[in-house]
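Following: one structure in structure tokens, then a few remarks.
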Amino acid sequence: VKTADEPSGANTDWLTLNIGGRCFTTTRTTLVNKEPDSMLAHMFQDRELWGNKQDPRGAYLIDRSPEYFEPILNYLRHGQLIVNEGINLLGVLEEARFFGIEQLAEQLEVAIKNSQPPEDHSPIS
Amino acid sequence: VKTADEPSGANTDWLTLNIGGRCFTTTRTTLVNKEPDSMLAHMFQDRELWGNKQDPRGAYLIDRSPEYFEPILNYLRHGQLIVNEGINLLGVLEEARFFGIEQLAEQLEVAIKNSQPPEDHSPIS
Amino acid sequence: VKTADEPSGANTDWLTLNIGGRCFTTTRTTLVNKEPDSMLAHMFQDRELWGNKQDPRGAYLIDRSPEYFEPILNYLRHGQLIVNEGINLLGVLEEARFFGIEQLAEQLEVAIKNSQPPEDHSPIS
Amino acid sequence: VKTADEPSGANTDWLTLNIGGRCFTTTRTTLVNKEPDSMLAHMFQDRELWGNKQDPRGAYLIDRSPEYFEPILNYLRHGQLIVNEGINLLGVLEEARFFGIEQLAEQLEVAIKNSQPPEDHSPIS
Amino acid sequence: VKTADEPSGANTDWLTLNIGGRCFTTTRTTLVNKEPDSMLAHMFQDRELWGNKQDPRGAYLIDRSPEYFEPILNYLRHGQLIVNEGINLLGVLEEARFFGIEQLAEQLEVAIKNSQPPEDHSPIS
């Protein structure tokens, strides 16, 4: 599937995602290697198959939340789920599920359970 | 209502909203399908009717708060109301009402009531 | 005062403010109608008089804080003062005063008083 | 030192600072008048002397933190030190010292002392 | 290793890093001098050797988290580790390790230990 614009291996195959209007720059390797069975990996492994749309600057369009995608991309980069205080884990969970990153979704479900034990939080925050 | 620039169905009909100066990229499907009776759905369903203005880059201009629109767009994407800690729900409620997303406005009213029970918060935060 | 580039009424007269480097897109109606006696209203009502400077993209330059201007613009849009947790109300007050939005400044003064009752906060946060 | 592109006095002499990658738009008056003895004032008063570098869009390059510069620029605009909750005052102090704004640095030192009295905070936050 | 586009010494050798989609402008001196043995220093000292990729605007592409890189760049600027409240130190630690800034990684490990003593925090926040 190697094309002319990827001469030096997947590692140097840079791409930009336009997630809901914010741009994230990463490599195909990051999107594909860490969770090869995820929907996200398939979207960028079988490019021709998926026919992802691109914006005028060439960024791949994805109609999802940029804010909650950020920890997901970091997870794909280094394997750790790291979220700042105040960020709603339910938002990250929605994205993990959408992109089919199962292992991360499970980690998030555990974290959500642990973060709201006796005092029942509302479903919002 | 299908026009030349929408060859492959509503799902691939991407558009950008310029909400108060920040750009959000999404699909017409997201804006129209989840809450078909909302003002927002009508604005983007009956395009010719509404005559929405566009900025020089083609983004549709809406004179509202980008910050509080964010959870509304996410709600239209996946059906969940998810808001970070510290974000004022009254701000999200104003946008839900403006865009005529009634079901979400009701959810927000309940959430606001639940978040300030005995200790009477000021109307600000 | 209607000019060639405003064919369809004040309501459709879009403009962009470059506040300290961040751009806010809004309508002249929003800036002028809610608080017609404010300095901000005068700045954009009597355009020729004030001679507001524009940046290369045509946005009107204002040398103030973008962060604290945000709730002020929202107030002009819908009439509510809504501020997120952690945002320093003193910063919003400085902008309300600068732009001569008296009613909002008074609301903010009350809110500031209410937010720091017995335990004397430092003048900073 | 008045040049052709500054016809209407220092007040209308707009410039953009590229602080670590984020752009701040302000006037030379703001940078120079409030604290005329600061390094920042000298940098922009004696332009020819300092030979400040500019990025391709003409913004003056400064290799510092944009986040912690923000309250400093606001201070130069209106004379008040105003910082949001959660912003590390030590970061603002580093910038105040770098730009040689002595009076502000002293205010910050007092505020830092007051914010961490008996319970000894770590040097980080 | 001095080339034609660096006439006035390392100090004036400005460059932009595109970290995961956000751009940081800094000098080669900042990246190289403070921690000369780090991977980051080597990346920008031995430019020809590393063959860093650049985006269309000339910014050097690095597939990492912009948010957690920010305190690292500030550390290289002034030697202090300064992080806002709510920012997850584990995120900063991942970046410090990736860029091989050993002394900072050690400081972060101590700070993380100190910030979660008896009440065992989850590995997430």
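The values are calculated or read from the model by the stated rules, or taken from the named source; none is laboratory data. Only a predicted model underlies this, so the values are computations on that prediction, with no experimental measurement involved. Don't worry about glycine lacking a Cβ; one is built from the backbone with ideal geometry, like all the others, and counts go over all protein chains shown. With ligands, DNA and RNA removed, areas are computed over all heavy atoms of the protein, side chains included. Shrake-Rupley method; radii C 1.70, N 1.55, O 1.52, S 1.80 Å.
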Is it true that some residue in the range C:43-55 is modelled with pLDDT of 95 or more and open to solvent by less than 10 Å² (accessible area, probe 1.4 Å)?
no
Scope the range E:72-85; condition under 23 Å from residue A:72 (Cα atoms) and out of contact with any Ser or Thr (no Cβ under 9 Å at 6 or more places or on another chain); matching residues
E:72
So residue D:79 ticks every box in (1) over 16 Å from residue D:43 (Cβ atoms); (2) surrounded by fewer than 20 Cβ atoms within 10 Å (Cβ to Cβ); (3) at the interface with chain E (Cβ under 9 Å from one of its Cβ atoms) but one. Which box is left unticked?
(3)
Quick one: residue B:91 ticks every box in (1) closer than 30 Å to residue E:85 by Cβ; (2) modelled with pLDDT under 95 except a single one, so which number is it?
(2)
Spot the failing condition for residue E:69; the list is (1) free of Cβ contacts under 8 Å to residues at least 12 places away in the same chain; (2) closer than 15 Å to residue D:20 by Cβ, and only one is missed.
(1)
Restricting attention to the range B:51-76, which residues are among the hydroxyl-bearing types (Ser, Thr, Tyr) and at the interface with chain C (Cβ under 9 Å from one of its Cβ atoms)?
B:65, B:68
Got a number for residues in the range D:82-121 being open to solvent by 50 Å² or more (accessible area, probe 1.4 Å), acidic (Asp, Glu) and within 12 Å of chain E (Cβ to nearest Cβ)?
2
